[in-house]
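Quick note: the coordinates plus some simple rules give every number you see, no bench work behind them. Predicted model, so just to flag it, every value in this text is computed and none were measured. We place every Cβ from the backbone using ideal geometry, glycine too, and count neighbours over all the protein chains shown.
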Amino acid sequence: MQILKNKTAIITGAGSGIGRAISLLYAAEGARLVITDIDEKGGNETAAEISKKGGEAVFVLADMAKADDSKKVVDQAIKKFGALHIAVNNAGIAGPLKPIGEYPIDGWDKVISINLSGVFYGMRYQIPAMLASGGGSIVNIASILGKVATKNAGAYVAAKHGVVGLTETAALDYAEQKIRVNAVGPGYIVTPMLTKNLDEATLKAIAGLHPMGRLGVSEEVAELCLWLNSDKASFVTGAYYNVDGGYLAQ
């Protein structure tokens, strides 16, 4: 049985990596998808792969750092499918690596605008649409760095900590109105954001930071998100779940 059958979902950052894995899994579970990315080629490839497998998806070119784009995506979901039940706010960037005293101002602004403000903009328009649809479930993709820090990543760490706090607040705001809001904290996952920026030796060293001795894969994150967005997690809201090979247990 498809556990998301007849549900409409928005997935941001769906052009590759975790967002693509979530989109493919949700489509396989019966969801009708509105997927977004600033990467038009990647977004269209994800939509085409879903269609090829018999799923239903529409791609919307959108920048989650812009509030108007978040509204446009929600409007498209309502126009195309008549309702909104699920959202995964996944779009994000890594940003510069510099100590705080040297951190580039434009880099800070960009990371915060996409990784934190983008999640707020998403929920700002997703929640009213979900209320009109009788309720819903939101998963915000945070990070292990939403709970701990690492050197030289001040903007990313601050944004992901903010995502966790924003998630908890939204969960409390709408707990009585049939909207659940949860956060997922991936460890280091094999995605283009990681593999394009780091060499093999660095990737091996990062894998060694996880007690399981390896990096995660996008499909492992997608499975956790699926559970949280499904009715199987009907009493779960305001929670943060890490999927990190034991990283945060150290």
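Taking the criterion of being over 13 Å from M123 (Cα atoms) and either surrounded by 19 or more Cβ atoms within 10 Å (Cβ to Cβ) or in contact with a strand residue (DSSP E or B) (Cβ under 6 Å, 6 or more places away or on another chain) (or both), the residues of region 64-90 that qualify are Q76, A77, K80, F81, A83.
Residue-level analysis places G42 outside the set of residues that are surrounded by 21 or more Cβ atoms within 10 Å (Cβ to Cβ) and either in contact with a Ser or Thr (Cβ under 8 Å, 6 or more places away or on another chain) or assigned to a loop (DSSP other than H, G, I, E, B) (or both).
Any residue at all in region 188-196 that's assigned to a loop (DSSP other than H, G, I, E, B) and surrounded by fewer than 20 Cβ atoms within 10 Å (Cβ to Cβ)? Yes: one or more hits.
Residues in region 86-132 that are under 23 Å from Q177 (Cα atoms) and touching a Lys or Arg at 6+ places or on another chain (Cβ under 7 Å): I86, Y125.
Within region 216-250, if we keep just the residues that are over 19 Å from V190 (Cα atoms) and β-branched (V, I, T), the residue that is surrounded by the most Cβ atoms within 10 Å (Cβ to Cβ) turns out to be T237. Within region 65-83, does at least one residue satisfy the condition of being in contact (Cβ under 8 Å) with a residue 12 or more places away in the chain, under 19 Å from V184 (Cβ atoms) and not aromatic (F, W, Y)? The answer is no; no qualifying residue exists.
In a strand (DSSP E or B), within 19 Å of E219 (Cβ to Cβ), under 15 Å from the mean Cα position of the chain (by Cα) and in contact (Cβ under 8 Å) with a residue 40 or more places away in the chain: does that describe V88? Answer is yes for this residue. Set side by side, the residues A175, A207 differ, and just one is of a type in the set (G, A, S), under 17 Å from T150 (Cα atoms) and either touching a Gly at 6+ places or on another chain (Cβ under 9 Å) or touching a residue at least 40 places away in the same chain (Cβ under 8 Å) (or both), which is A207.
For region 137-146, the criterion of being in a loop (DSSP other than H, G, I, E, B) and of a type in the set (S, T, Y) is met by at least one residue.
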